[in-house]
Amino acid sequence: MVGPPSWYQLAVFLFKGKVKMKKILFFTLPLLIIVSVVILLFGVIQVHSQEDRLMDDLRRKAETVAESVELSAKYVLINNDMSGALRLVGKFQNKRRAQGAAIYGKDGRLVAVTERFKDWKDEDRQYHKDVLKKKAAKDNLSKFKKIYVYSYIVPVMDDKGELLGMVEMIYDTSYVFARSMDTWKSIIATLVVLVISLILIAALFLRQMFMVPMEKLTSWFKHFQNGESSKMPCIGKKDDMGGLVSEVEQVALSLKVARKTVSDAASARIDKEEIWTESKLKDLVHAKLGDSSLVVVSNREPFMHVIDEKTGKVKCVRPASGVVTAIDPIMRACGGTWVAQGSGNADRQFVNSKDKLGVPPEDIRYILKRVWLTQEEEEGFYYGFSNEGLWPLCHITHTRPIFRETDWQMYKEVNRRFADSVVEELPAKNAFVFIQDYHFTLAGRMIKEKRPDATVALFWHIPWPNTEVFSICPYQQEILDGMLGCDLIGFHVQYHCNNFLDTANRLLECRVDNEKNSIVRAGKETLVRPFPISIDSQFDSAVSAGESVEIEKIKNDLNLKDKIVAVGVDRIDYTKGIVERVLAVDRFLEKYPEYKGRFVFVQLSAPSRTKITRYHDLSEEIDQLVEKKNSKYFDGSWKPIIYLKRYFTPEEIKPYYRIGDICIVSSLHDGMNLVAKEYVAAKTDLSGTLILSKFTGASRELTDAIAVNPYSIEEFADSIKTACEMSAEEKRQRMESMRRNIQEHNVYRWAANIISEMTGLQKKWTL
């Protein structure tokens, strides 16, 4: 039984905002308006009545005093006794309210006046003339200097009824207005006390009748959802919410039984299917995770809402990101929650009170929770430490990393924000967290500090450098220690795993087990595993009728018919080797002029990180280089390089893959590079050739591609010629082999391996 709270508790309750003030005001506003109007009307009547009464008292008093002074004034005026007149008015000098008196002659001229009213003679008053004319007493209220005074004037007559002069009594009325103000203050104070009392009573009523039951129900649902049955508040069946709770419990029991049935059936289906598909991954999730919740963390959100500059309308787009390309299919299959930065200029319009929304918009499969960063936080965390520090540090492209203390502090703060946001989403038990990339090296340990029972994995999407390179970072120990707070760390290839193991061994106090590929630090073991990331089947489909029309349109618009077409698809980044690619095309045409007019290279480039000077300069460098090389070969109808610089959706990219006889991936250093795999998947006719940099993770898997060192322009140019002259049969054999590899090692298998590893860790700890 919940007893009524004390007034202090209620005040604290209101101050903390648990009862919204606007709701209380909405509830009490009609009553407050009625009470306020009644009290104010009563106040007006009371004040006017009081003023009338006080002025009436003053009038009677003035009349009495004036009549008593009239006789003395009569003798003063008859005898023309000036000194007597001064003595008579001087008697009123020290009176408390009767401020003064004045004596006038029969012509209305002032004879004597009390000292404090010595300036009274300067005033020309009409009522004086009326008294002299009508020989009748008169009163008047007027302003003298800064005060209001009441005066009562009577004519002084001799025994024959002739006018001798006038006597005027002058009174200060400020006390009347002071009394009125005191009355108003009392009325207002009463009204304020009454309003506050009504609000508090209403708050108490709302709390006892509505808020307390709702808080109990909310707490019940929260603990129920998290599986914390021991913490669920007791709600009896006779309570207001008891019936609802009882029904929810029945539904939950049915769901639990259904999930168990689905889990058993899913386990049976997993063993039957060989190729990993979305449905097989769903089965694995049901079998391995069951009621557990999967929370993914990344900086880039999978869907963002932006305002179209041309139409002014809001549209939902998928950002250009390899992480999004890889993780979105997993979340569609697994469900769960994806925590990411809300970076679209219309993102706030589409979230609920918890900053969440269901995605994809057209077919909701999972929850996206957006975290908001200020411009200062984004500058320090994302552009500063992440992309001017860690990104060039991990990519051996000879771009100097920049580390600033202010960026590092902001990086830590944002990692803390994301970690707290993730913890809010975790169930009471069987919680799984999957962190993406170098933006969140500290978040794993921060999550484990609050939820040591959660299973936390970090996947590193970019290369991991050798120890000498990583030791450049002034915050090396904090970063490594944060990463080792995770239970599992994944890289694309074993080489990067080896680099990480060696880095931890040399820079930290820890024990590295090379047989298990694990690191033990302060009693906490972290597994390090290679998980080569891949793609789903969105590109691996036959050419549709609509796509055929788009392909023909592109060929006509860009004059690609009867040409050997090479394509490149990249963000504008110095790690992608776009400059080297253009130089290689130039050298290819120089060495093999027979391909002039027959060969066209189409580069699709999405602007990226334009706020960073290095990226801005790179974009201008590529623009100038492409223009220079095109000018070199332009013959009026053909130019060798078509450079399309804008954001392309996956649906827009796909026709270019279909058109491309060659795809060039010339990254100077890349963790995997999914463009290579997307191109292979898109070439369903087995006609294409892939030129692939040796410095990509993909080159370890796609061994049938033409491997190239992008730094060697001569070798690069020759590889283009090799691709142009490769026979159709060899292309088919190479493409079949690469497509088979991608089908068997797709993104669903990648996710399945990670989920299996995570669930295996949890089972080991619970034994």
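Summary of values
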| item | result |
| --- | --- |
| Residues located in the stretch 397-426, provided they are farther than 28 Å from L294 by Cβ, in a helix (DSSP H, G or I) and not acidic (D, E) | T406, W408, Q409, M410 |
| Selection count where residues are surrounded by fewer than 16 Cβ atoms within 10 Å (Cβ to Cβ) and either touching a residue at least 24 places away in the same chain (Cβ under 8 Å) or not assigned by TED's automatic domain parsing to the domain that holds Y711 (or both), scope the stretch 549-561 | 1 |
| Options T575, T526: the member that is touching an Asp or Glu at 6+ places or on another chain (Cβ under 7 Å), in contact (Cβ under 8 Å) with a residue 60 or more places away in the chain and at negative phi | T575 |
| Candidates K654, K731, K677, K721, filtered to the one that is of a type outside the set (A, V, I, L, M, F, W, C), farther than 23 Å from V600 by Cβ and not in a loop (DSSP other than H, G, I, E, B) | K677 |
| Single residue of the stretch 61-96 satisfying the filter (within 14 Å of Y152 (Cα to Cα) and exposed (fewer than 14 other Cβ atoms within 10 Å of the Cβ)) that is modelled with the highest pLDDT | T64 |
| Selection within the stretch 714-767 - exposed (fewer than 13 other Cβ atoms within 10 Å of the Cβ), closer than 23 Å to S293 by Cα and among the aliphatic types (A, V, I, L, M) | L767 |
| Yes/no for G108 being crowded, with 17+ Cβ neighbours inside 10 Å and on the phi > 0 side of the Ramachandran plot | no |
| Selected residue [hydroxyl-bearing (S, T, Y) and either part of a loop (DSSP other than H, G, I, E, B) or over 38 Å from the mean Cα position of the chain (by Cα) (or both)] from T526, T575 | T575 |
| Residue within the stretch 694-705 that is of a type outside the set (D, E, K, R), assigned to a helix (DSSP H, G or I) and out of contact with any Lys or Arg (no Cβ under 9 Å at 6 or more places or on another chain) present | yes |
| Identity of the residue in the stretch 311-335, in contact with a His (Cβ under 7 Å, 6 or more places away or on another chain) and modelled with pLDDT of 85 or more, that ends up nearest to V675 (Cα to Cα) | V323 |
| Scan of the stretch 424-456 for residues that are over 30 Å from L393 (Cα atoms) and either touching a residue at least 12 places away in the same chain (Cβ under 8 Å) or aliphatic (A, V, I, L, M) (or both), ordered by number | E425, L426, P427, A428, K429, N430, A431, K450, R451, D453, A454 |
| Top-ranked residue in the stretch 31-45 [being touching a residue at least 12 places away in the same chain (Cβ under 8 Å) and of a type in the set (A, V, I, L, M, F, W, C); ranked as farthest from T183 (Cα to Cα)] | L31 |
| Selection from the stretch 163-189 of residues that are part of a helix (DSSP H, G or I) and either under 25 Å from F144 (Cβ atoms) or among the aromatic types (F, W, Y) (or both) | S174, Y175, V176, F177, A178, R179, S180, M181, D182, T183, W184 |
| The stretch 63-120 - residue that is assigned to a loop (DSSP other than H, G, I, E, B) and among the charged types (D, E, K, R) and, of those, nearest to Y171 (Cα to Cα) | R97 |
| In the stretch 706-718, the residues that are touching a helix residue (DSSP H, G or I) at 6+ places or on another chain (Cβ under 6 Å) and in a helix (DSSP H, G or I) | I713, F716, A717 |
| Strands (runs of 3 or more DSSP E) contained in the stretch 316-372 and holding at least 2 residues touching a Gly at 6+ places or on another chain (Cβ under 9 Å) | 366-371 |
| Within the stretch 689-713, tally of residues that are over 18 Å from S534 (Cβ atoms) and surrounded by fewer than 24 Cβ atoms within 10 Å (Cβ to Cβ) | 8 |
| Some residue of the stretch 498-508 being under 16 Å from I653 (Cα atoms), among the polar types (S, T, N, Q) and surrounded by 15 or more Cβ atoms within 10 Å (Cβ to Cβ) | no |
| Check on Y643, under 17 Å from V579 (Cα atoms), outside any loop (DSSP other than H, G, I, E, B) and either at pLDDT below 95 or of a type outside the set (S, T, N, Q) (or both) | yes |
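Yes or no, residue by residue, for (1) within 30 Å of G546 (Cα to Cα); (2) surrounded by 15 or more Cβ atoms within 10 Å (Cβ to Cβ):
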site: R571; (1), (2): yes, yes
site: F601; (1), (2): yes, yes
site: T613; (1), (2): no, no
site: Q624; (1), (2): no, no
site: D635; (1), (2): no, no
site: L644; (1), (2): yes, no
site: E652; (1), (2): yes, no
site: C663; (1), (2): yes, yes
site: D670; (1), (2): no, yes
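Residues are listed down the side, and each one gets a yes or a no for (1) more than 19 Å from V323 (Cβ to Cβ); (2) assigned to a loop (DSSP other than H, G, I, E, B); (3) among the charged types (D, E, K, R); (4) assigned by TED's automatic domain parsing to the domain that holds A676:
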| residue | (1), (2), (3), (4) |
| --- | --- |
| H461 | no, yes, no, no |
| E468 | yes, no, yes, no |
| C473 | yes, yes, no, no |
| A504 | yes, no, no, no |
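The values are calculated or read from the model by the stated rules, or taken from the named source; none is laboratory data. All values reported here derive from a predicted model rather than from experimental measurement. For neighbour counting, all protein chains shown are included, and Cβ atoms are generated from backbone atoms with ideal geometry for every residue, glycine included.
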